[in-house]
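What follows is a single structure, written as structure tokens, with notes after it.
The values are calculated or read from the model by the stated rules, or taken from the named source; none is laboratory data. Source: prediction; values computed, not measured. All Cβ positions, glycine included, derive from the backbone under ideal geometry; neighbour counts span all protein chains shown.
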Amino acid sequence: MCECLKITYQYIDDPETTVTAATTGSFNGFFTWEFVIGAVTFSIWHDLFDNWYVTTDGVGGSAIVTGLKANINQCPLASMPVWLASPVFNTFTTEEGVCNTPCSCVTVFLKFKPMPSFEEISTTTLTPINGYNAYAFVYSSFIFVIYFNTTIQSWVVAESTDLDVFYAQNNSNLVCPFGVWVPEIDFGVELFDVLGCGECLTSEDRDLREYKAIKLPEIFEEEDRGYFRCCCPFNVLASQTGDSWKNDITSAWIKLSDPSDSVTCFLEKNGVATNYLTTQIAFPNEVNAYYWTVNWKDVLALDGAGCFELKISYNISGIIETFTWGVYHLEPFSINAALNTARLRVKFNSHQEIEGIDFSGANVEDTIRFYGFIGNRQPNTEIDNIIYQNREMQKVIRENLNKYEVHTEPTCEEHIRKLTDLYLLSENKMFISDYNAHNHSYRYNDLPVILEETAEITYFDFSRSASLKCIVSDKFKNKRSFY
């Protein structure tokens, strides 16, 4: 794209002259230019087929003084004799020129898919951005902004709601956004160009304003429908041993809207602040998001057993609120305390869309202990045998693809929802433990597994409790023998 055209000519017997002509607009989706010699105005324009013309009776006129055949380039760059011989020009050469005068407004040229439909759109001027004029136009009911991005030193077109997402850009450092535009995101346009200075839209009055959207943590409070139910705490156990299956862990997290926001996470025991202090950790791949991990082993050593509430207090864009992440009943680990329970331990290390947080690189750990059962191993042995010529059958490979059942007793929504919408949905590593006396095996002590079959929830008539059942399998498929 050449917003300015450098023209060198010898007119009749006059000396050779060079002028730089800024585009005067567009015609048929191409730039137009004008230059004046004496009392005669010469116009350069394209007829949309394959011809550039120079006429003395305006754009689209028939008083042609010279022409450039078979050329559909956006810039009519050529010299005699490519420009056809003319009775008034002895020399006529066109080159790309440089203009340094900013445009109040520009004209946008869009070529749509499928070809050859196109549209020219006028813009409105905005408050300068980064010291350069900025322009807005409407396409497909969306407002787009053309502005100079100083970070990448390029003109870009972006949707007004997010100026950091570029639909197209060019590398021109002119004061107006002329040049070759490179599409970045497919938005139904095959070609995006800025044709040159144009008339500003006068029928619409638009100003660009940027407002940061904030998202507050979801705080759900059940309404009273007359169905009495006691609180539904999470049971947690801890010991002073190093056995992971005897020590429960709880993590909490939150995403803020701005670096100026603030947040704290703290434990209360019977409504009083505890001696245990949480440590705030920033997510490595999520800006303004933080998590805390409570090791109940340390809480037991500092504050003893009892009923605890994990709370988060935040100030997001001036909105101050405190909410309870969870209620926990802490006991020292013992066989009797753990009887009839089972536990899932997980690590989160991926983008959790339901949370709106990228957990990657964090390996956030959490456990949930529930009344229920984990076990009923089924080996599901894969058998591959071969029959030899003497009709003897021998083994090729055998592999146990163990599956295990996870059952919960009827429990409240808080437990079921955490299992289905967090643990079984977002885990990257999961470990199972069972503490039932009647279990066939006592070997389920943080056994690594992965979800094998979707969870099924059983609901009970006239009861708010529900139970869950799912199938998990070995995380590592290495129970095999082969030749």
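Filtering segment 232-253 down to residues that are among the aromatic types (Phe, Trp, Tyr) and under 36 Å from the mean Cα position of the chain (by Cα), which residue is surrounded by the fewest Cβ atoms within 10 Å (Cβ to Cβ)?
Applying the filter and picking the extreme gives 234.
Part of a strand (DSSP E or B), of a type outside the set (Lys, Arg) and surrounded by 14 or more Cβ atoms within 10 Å (Cβ to Cβ): which single residue out of 355, 321, 365 fits that description? Before you say what the answer is, go through the steps one by one.
On the way: 355 fails: part of a strand (DSSP E or B); 321 fails: surrounded by 14 or more Cβ atoms within 10 Å (Cβ to Cβ).
Exactly one of 355, 321, 365 is part of a strand (DSSP E or B), of a type outside the set (Lys, Arg) and surrounded by 14 or more Cβ atoms within 10 Å (Cβ to Cβ), namely 365.
Answer yes or no: is there a residue in segment 47-69 that is aliphatic (A, V, I, L, M), more than 19 Å from residue 6 (Cα to Cα) and in contact with a Pro (Cβ under 8 Å, 6 or more places away or on another chain). Let's see the steps before the verdict.
Quick first cut of segment 47-69, residues aliphatic (A, V, I, L, M) only: 48, 54, 59, 63-65, 68.
Imposing the further condition that a residue be more than 19 Å from residue 6 (Cα to Cα) reduces the set to 48, 63-64.
From what is left, the residues that are in contact with a Pro (Cβ under 8 Å, 6 or more places away or on another chain) are none.
No, the conditions are met nowhere in segment 47-69.
Assuming residue 270 fulfils every condition listed in (1) touching a Gly at 6+ places or on another chain (Cβ under 9 Å); (2) surrounded by fewer than 17 Cβ atoms within 10 Å (Cβ to Cβ); (3) in contact (Cβ under 8 Å) with a residue 60 or more places away in the chain apart from one, which condition is it?
It fails just one condition, (3).
Can you report the number of residues in segment 7-32 which are within 21 Å of residue 81 (Cβ to Cβ), surrounded by 17 or more Cβ atoms within 10 Å (Cβ to Cβ) and of a type outside the set (A, V, I, L, M)?
Count: 2.
Inspect segment 403-426 for any residue being closer than 21 Å to residue 362 by Cα, hydroxyl-bearing (Ser, Thr, Tyr) and in contact with a strand residue (DSSP E or B) (Cβ under 9 Å, 6 or more places away or on another chain) and give the result as yes or no. Steps first, please.
From segment 403-426, those closer than 21 Å to residue 362 by Cα are 418-419, 421-426; that's our starting set.
Checking which are hydroxyl-bearing (Ser, Thr, Tyr) leaves us with 423, 426.
Now restrict to residues that are in contact with a strand residue (DSSP E or B) (Cβ under 9 Å, 6 or more places away or on another chain): 423, 426.
For segment 403-426, residues closer than 21 Å to residue 362 by Cα, hydroxyl-bearing (Ser, Thr, Tyr) and in contact with a strand residue (DSSP E or B) (Cβ under 9 Å, 6 or more places away or on another chain): present.
Which condition from (1) loosely packed, with under 13 Cβ neighbours inside 10 Å; (2) in contact with a strand residue (DSSP E or B) (Cβ under 7 Å, 6 or more places away or on another chain); (3) touching a residue at least 60 places away in the same chain (Cβ under 8 Å); (4) not polar (S, T, N, Q) is the one that residue 437 breaks?
The single condition residue 437 does not satisfy is (2).
Test residue 389 against the stated conditions and say whether it is part of a strand (DSSP E or B), surrounded by fewer than 12 Cβ atoms within 10 Å (Cβ to Cβ) and assigned by TED's automatic domain parsing to the domain that holds residue 473. Walk me through it before giving the result.
Details: part of a strand (DSSP E or B): no; surrounded by fewer than 12 Cβ atoms within 10 Å (Cβ to Cβ): yes; assigned by TED's automatic domain parsing to the domain that holds residue 473: yes.
Against the criterion (part of a strand (DSSP E or B), surrounded by fewer than 12 Cβ atoms within 10 Å (Cβ to Cβ) and assigned by TED's automatic domain parsing to the domain that holds residue 473), residue 389 does not qualify.
Which of (1) of a type outside the set (Lys, Arg); (2) closer than 30 Å to residue 149 by Cα; (3) modelled with pLDDT of 80 or more is the odd one out, the single condition residue 73 does not satisfy?
Status for residue 73: all satisfied but (3).
Identify the residue in segment 33-64 that is buried (at least 19 other Cβ atoms within 10 Å of the Cβ) and of a type in the set (Val, Ile, Thr) and, among all such residues, is nearest to the chain's Cα centre (by Cα).
Restricting to residues being buried (at least 19 other Cβ atoms within 10 Å of the Cβ) and of a type in the set (Val, Ile, Thr), the top hit is 44.
For (1) touching a Gly at 6+ places or on another chain (Cβ under 6 Å); (2) assigned to a strand (DSSP E or B); (3) at pLDDT below 80, each residue gets a yes or a no:
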| site | (1), (2), (3) |
| --- | --- |
| 65 | no, yes, no |
| 86 | no, no, yes |
| 110 | no, yes, yes |
| 119 | no, yes, yes |
| 126 | no, yes, no |
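Out of 300, 256, I need the residue that is at pLDDT 95 or above, under 23 Å from residue 364 (Cβ atoms), crowded, with 17+ Cβ neighbours inside 10 Å and touching a strand residue (DSSP E or B) at 6+ places or on another chain (Cβ under 8 Å). Which one? Before the answer, list the steps.
On the way: 256 fails: at pLDDT 95 or above.
That would be 300, the only listed residue that is at pLDDT 95 or above, under 23 Å from residue 364 (Cβ atoms), crowded, with 17+ Cβ neighbours inside 10 Å and touching a strand residue (DSSP E or B) at 6+ places or on another chain (Cβ under 8 Å).
Does residue 474 satisfy the criteria of being at pLDDT 90 or above, surrounded by 17 or more Cβ atoms within 10 Å (Cβ to Cβ) and in the same structural domain as residue 345 (by TED's automatic domain parsing)? Give the derivation first.
Numbers: at pLDDT 90 or above: yes; surrounded by 17 or more Cβ atoms within 10 Å (Cβ to Cβ): yes; in the same structural domain as residue 345 (by TED's automatic domain parsing): yes.
So residue 474 fits the description; yes.
Listed here are the residues, each with its yes/no results for (1) touching an Asp or Glu at 6+ places or on another chain (Cβ under 6 Å); (2) assigned by TED's automatic domain parsing to the domain that holds residue 386; (3) part of a strand (DSSP E or B).
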position: 438; (1), (2), (3): no, yes, no
position: 443; (1), (2), (3): no, yes, no
position: 451; (1), (2), (3): no, yes, yes
position: 454; (1), (2), (3): no, yes, yes
position: 458; (1), (2), (3): no, yes, yes
position: 461; (1), (2), (3): no, yes, no
position: 469; (1), (2), (3): yes, yes, yes
position: 481; (1), (2), (3): no, yes, yes
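Would you say residue 336 is of a type outside the set (Val, Ile, Thr) and in contact with a Pro (Cβ under 6 Å, 6 or more places away or on another chain)?
Spelling it out, it is not the case that residue 336 is of a type outside the set (Val, Ile, Thr) and in contact with a Pro (Cβ under 6 Å, 6 or more places away or on another chain).
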